[in-house]
1. May I ask you to list the residues in segment 40-65 that are of a type in the set (V, I, T) and part of a strand (DSSP E or B)?
2. Are any of the residues in segment 78-90 in contact with a Gly (Cβ under 6 Å, 6 or more places away or on another chain) and free of Cβ contacts under 8 Å to residues at least 24 places away in the same chain?
3. Evaluate segment 82-89: report whether one residue or more is modelled with pLDDT of 90 or more, surrounded by fewer than 17 Cβ atoms within 10 Å (Cβ to Cβ), farther than 24 Å from P108 by Cα and not charged (D, E, K, R).
4. In segment 107-128, which residues are surrounded by fewer than 17 Cβ atoms within 10 Å (Cβ to Cβ) and over 14 Å from the mean Cα position of the chain (by Cα)?
5. Which numbered condition trips up L139, out of (1) of a type in the set (A, V, I, L, M); (2) buried (at least 16 other Cβ atoms within 10 Å of the Cβ); (3) in contact with a strand residue (DSSP E or B) (Cβ under 7 Å, 6 or more places away or on another chain)?
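The values are calculated or read from the model by the stated rules, or taken from the named source; none is laboratory data. On a predicted model such as this, the values are computed, not experimentally measured, just so you know. Virtual Cβ from ideal backbone geometry, glycine too; neighbours counted across all protein chains shown.
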Amino acid sequence: MATGVIVILAMAVGVLHVMPMSGYVPTLERLASNNIGEPVSIGALKVSLMSGLQFKLSNVSVGATQDVILNDVVVTPELGSIFGDKLVLTSIKANGGKIVKEALSRLPLWQDTSALDTRMHVQSIALRGITPEMRAFKLPSVNVDVKFGQIGQVQSARIETTNGKLYATITSGGQQW
């Protein structure tokens with residue numbers, strides 16, 4: 001009997017990895033768009049249970065003119081929060097992509113809008129190999145790590161070039177940075 005239950009659970013997990021998840025993309029796009037106050041588009045969605053529940057997104061764009069494009073994004077929710085009133089995302093990790101100059105000035109607005117959303121809380125964001133696109137000059141790709149407090153405020157941020165030669169660490173000290 002126990003072997004049968006284990007086999008059924010293993011099959012269910014296996015099916016989850018190959019089951020089409022495209023029907024959930026519009027819901028996730030709407031959730032993300034409402035959280036930051038700008039359109040979010042997701043190209044594809046997969047669910048993984050190999051190292052805890054993770055949503056693997058690809059070809060994610062942010063902004064009406066796709067000012068931010070992220071190649072691959074892994075969203076890790078706090079498991080219990082999925083069924084509660086407030087969704088807690090322990091991490092959002094993106095690999096590869098670009099952000100255009102015009103979006104940089106809107107990042108604080110996205111963070112402010114997200115902090116006001118009582119239905120979702122993001123604990124950390126990590127971006128790897130993101131290229132800032134400027135019109136006048138070329139910048140190297142960067143890695144960015146941001147940690148947020150309980151009410152959505154930025155606690156710390158680290159930005160470094162992918163080669164590690166240049167970096168900045170920003171920490172909050174109450175009203176000062």
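1. Start the filter on segment 40-65 by keeping residues that are of a type in the set (V, I, T), which leaves 40, 42, 47, 60, 62, 65.
Once the filter is applied, which keeps residues that are of a type in the set (V, I, T) and part of a strand (DSSP E or B), segment 40-65 yields V40, I42, V47, V60, V62.
2. Step one: of segment 78-90, the residues in contact with a Gly (Cβ under 6 Å, 6 or more places away or on another chain) are none.
No.
3. no
4. P108, L109, D112, T113, L116, T118, R119
5. Just one mismatch for L139, condition (2).
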